[in-house]
1. Around Ser558, which amide H atoms from residues at least 5 apart in sequence, or from another chain, sit under 5 Å from its own amide H, with H modelled in the peptide plane?
2. Considering the options Asn188, Ala505, Ala563, tell which one lies farthest towards the positive end of the dipole of the chain, charges being +1 on Lys and Arg and -1 on Asp and Glu at the Cβ, about the Cα centre.
3. Evaluate the relative contact order of segment 998-1088 (contact order divided by residue number), counting alpha-carbon pairs under 8 angstrom at least 6 apart; express in whole percent.
4. Order of Cys207, Cys76 from fewest to most other C-beta atoms within 10 Å?
5. Return His960, His534, His1060 ranked ascending by Cβ neighbour count within 10 Å, so the fewest neighbours appear first.
6. Quick one: length gained pulling Tyr1075 to Asp124 fully straight, 0.36 nm per residue minus the C-alpha distance?
7. Label 7 Å along Cα→Cβ of Ala197; segment 245-279 residues with amide nitrogen under 20 Å?
8. Report the relative contact order of the chain, percent, no decimals, based on alpha-carbon pairs under 8 angstrom and at least 6 residues apart.
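Derivation of every value follows stated rules applied to the coordinates shown; laboratory data play no part. Source: prediction; values computed, not measured. When we count neighbours, we look across all protein chains shown, and the Cβ atoms used for this are built from the backbone with ideal geometry, even at glycine.
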Amino acid sequence: MHFKKTHACHLMRLSAAMMAALLVLALFPASTYAAGATISPDTINESVITGGSTITITLDSNSWALDSGSTKTAKCNALVNAMTTGSESQELNKIKDALRNNPDAFNASGQALTITLPAVSGYDIKYDQTITVNIPSSLLANSSDLVSIPPALTVKAESEAFISGTATAAGEADIVRGGRRLSISLNNGSWHDIVYATTNREALFDCLTASSQSGEWDKVKAALKAADPASTLDVSSDGKTATITLPAVPEYNISGAQTITLDTAALASLVTVDGTLKDSQPSFTITPSDTTAQLSGTALSASESDIKAGGRTLVIALTDNHWAGDIASSKAKRDALFDSITARSEQTEWVKVTNALKAAGPAALALSDGNKKLTITLPAVTNYNITANQTVNISILPTLLEYSYRLDTMSFIITADKALSLTGTALSADESAIASGGKTIILTLTNAKWAGDIATSRSKREMLLDKFTAGGSAWQEVIDAVKAQGTVARNSDTKLTVTLPAVPAFNISSDMAVDFAGISVGDGLTDAAIPAVHDAFIIKAVTGQTAAISGTILSKTSEIDIARGGKIIRVTLKGDAWAPDIESNATKRAQLLSGFTETPSSSAWDSVIAGATVRLVNSSTIDITLPAKSDFDISSDMSVQLSIDSSLLTTSNTDITASPTFTIYAVSAALSGTVLTGVFDAPTVQKGGKTIIITLNNASWVSDAVSDSANLNTLLNGFYGAAWAPIKEILLTNPKNITLKGNQITIKLPPVPGYNMSGQVTLTIPKELINGANSNVSATPAINIGASTTASISPAAVPEDGITAGSAAINITLANNTWAADTASNKQKAGALTKGLSASSQSDQWKKVQSALSSANPSDIITLSADKRTLTLRFPAVTGYDIAQDQVISLVIPKTALAVANADINAGNFTITGNAPSATVSLEDAINDGTLAGWLDSMPTTSIYIVVPAKHIYTIDIAHTSFGTAYITDITVTTGNAVSSVVITAGGAERTLSDYRISGDKRIFNAGFMGLQKGADIIINALDSSGSSIQSPIVKKLADGQTSYNEVPKNALSGSYTLHTLLNDSKLLNSMLQYYSLADLHIGISGQ
């Protein structure tokens, strides 16, 4: 707009000048007037007005007559005074002021007058300025030859940005409400794309910076960036003015005036200007609003009891604002108000008030004074209890006011009632803790003080102690003990600490409630009456005393460690204490040691524990130290448990079993290596290279077990079996094949040419080769040289009913091996065998069988034949077992279940055949003709079976696309491999597809159709190799575009289910009905 106005003014001035010239020519002869004058340069930049630059005015047909001295000064001033402009005249006046009385700036020579421009302080134009130089006749040599067309000089303004708009006079509340506008105008330039170019738009917003409280202005910028640019930013049609409309910013909150400055240096990258954009940094100021709130009401002087009684009020009066009109009717706003009232301490108690206010709802609030005043009436809160004065803060959310504004937090204090509160370690102590002593009772007064001599005056001290009461004589023993040995300390005016001494005889059979009787003013214990405290604290009777074993005995103790002696068994009681004389009383000491029992029973252990020493570490802990017993020897791991007789304890009336049990590990040896994996027969021995690894457990080898030839010979002699002799002889000549590292000896068998033996080899390690051993150690398992073991299962199938009834059994027969003799009695071996059974499907049902097998006694489910080659496994009854399809069960026999083995054996599998009716009818027909109703009248749902056929059509993909005016339809059908052909009926045409491509176990059929219409039925039928339909036809409605249909559930559902199962498994039933119609499903009864 400024551009157009400037040019209009120029045109008006030119027209006026032309009219004047014509008038002069009409009145006077043409020969007496000059054509005019020119000025050079005719355009200068604003920055030139800093002094030193020159302009020259040249007359067309005349000469300058400036004279000198005062006459020159007067004439120059006349020329200056004749200079005029149509805009920003105050700025031209600054130039004229600098030129007046400055004749030295003017230098005339003939037709030319040169003016040297002086420095002009403060010259600042916003837009280009045209200066017209009207030349008085007194300055001309021929005064009659006037300059009819005055020359003009244009001063180009520096490119600059200016701000205006309603936002420049905005207050804080205006910013909160939004809608104010800020215009940024350019004088000699235009904006880049700042509306829809996100980077530019956000850069513009970032050019607006705050002088203080920048975090608050950042909220405004964030709102601008988040808003729709079409609603927040507009650029004028001439591209010179950008107008920003500020959105509402409810969280905007300033505490003092905030100046917002336009960073013109940063703005330069967003505009195109003539020259350089002037760094003017224009700004405007936002003044803070002055909404305040005044708190009053009867709650400001309320006590704890007043809050309990209810009825007190909080009145909040606003100035320069109003409460939201729906604050009482809107539950969300009402609850937000109540939640804004919070306590600084004991918050859980004030929350009770908050909850009561929310329950009261609109009845708790009242608006008045034109919605400027809000009265909150507190309801009764009988269970409100505080232990000290409570400060309550009120922080009103801006959204609860008509004009969003963040008010200062207000507060008031609720005075706590005079009361006594009890804390300390005694309040959580149990019977044994009271007996042990050292627990504290801390008595803290609220709004009252203890007597100054309450701790030093025996009478007052004992009067206070007698205020604690409880049923029975046990508590009186505690009080008497405190009076005699305990301490009472006055910590402050409000705090008193009672420390309980040990009371070893304290014993209660049930929980004890201790009351505090209260204090009257006449007692002289406090300066005010204190109410009684019922059930001040509860002493829990100890009923679950425990004993924990720790010490070096738990650091994997071996029989050799026991033989050396020094192991410590530490026994720590919880909830009880040892008899004080447990260490010194020989009878009690012997009673304690006799409580150790070992499994298996061992006289060796009996002799060790009988010589142990007992030391009382503290009231709850003893250490039992085992003596050395050089001949201690056990053949298997020993588990030891301790039972503590109640006569050895302080509070318990029953014996305590300590935990954990600890184990004394027997020295053992294990054979491993490649001789126990794969084939190990005569040809293998001939080749050599197999390894035997002998690993000592819970012991160590003597250091020269293999380096000393005598020891090496002793070791090799420990191998027994005729098949070993040839191997031993070769090994004796190859001692380097035998190495010792840590607790392992590795024997690498050398080639044994001509070896043709088979049989079993066992190893017994002589005790001389084991550090500290008292006996020889047999290594396991045996090494078998010869044929491999195989197994077979019969019968090949068992019925599902046999599993549910517990009548099913399988026989597992071994070849070239026998079962371990204790397989039927050893729970670990039996468990390993049954865990070797695994199901190929329906694992959730097989887990039920596995659970029943693992819970059964091995001898109840396993029987070995006389020759131990056949094992019969009987399945226990599993009433919940229910399979939908036949289930294939595989068996891997663990090597631990075999007499001789170096690897597990794959025994094959057998099948559990699922229950299914031999004859069925359509479920839809059975429902409609009453067949199902008749069955339900006569038999349980567990005897009625739903048969779900397999799905053979997996997916259908249809693409319906137009080609000009014609439509082409592509149909792809993916099926299982039981489908030999697919028949597609569409638009009255039937197409039989016999060709397909194979993808894994799927067959993919495809056909195309021309001219089918949207909405047409597509009927798809799958046929088997005999041409018979193998599932119900599928009908799809033709739609435009690409459509895919998944016709099978994620998990296959085919099989036979009892009606009972389906009715109690809604997920299964819903999935079935999603993919199958009632006509697809069949129904029958067991035994049919």
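1. When sequence neighbours closer than 5 places are left aside, the close amide H contacts are Tyr665.
2. Most positive-ward Cα: Ala563.
3. Values: 48 pairs, mean separation 17.6, N = 91.
Result for segment 998-1088 is 19 percent.
4. Numbers: Cys207 19, Cys76 23.
Ascending Cβ contact count within 10 Å gives the list Cys207, Cys76.
5. Values: His960 21, His534 11, His1060 15.
Least to most surrounded, the residues fall as His534, His1060, His960.
6. 334.0 nm
7. 245, 263-278
8. In percent, rounded to a whole number, it is 5.
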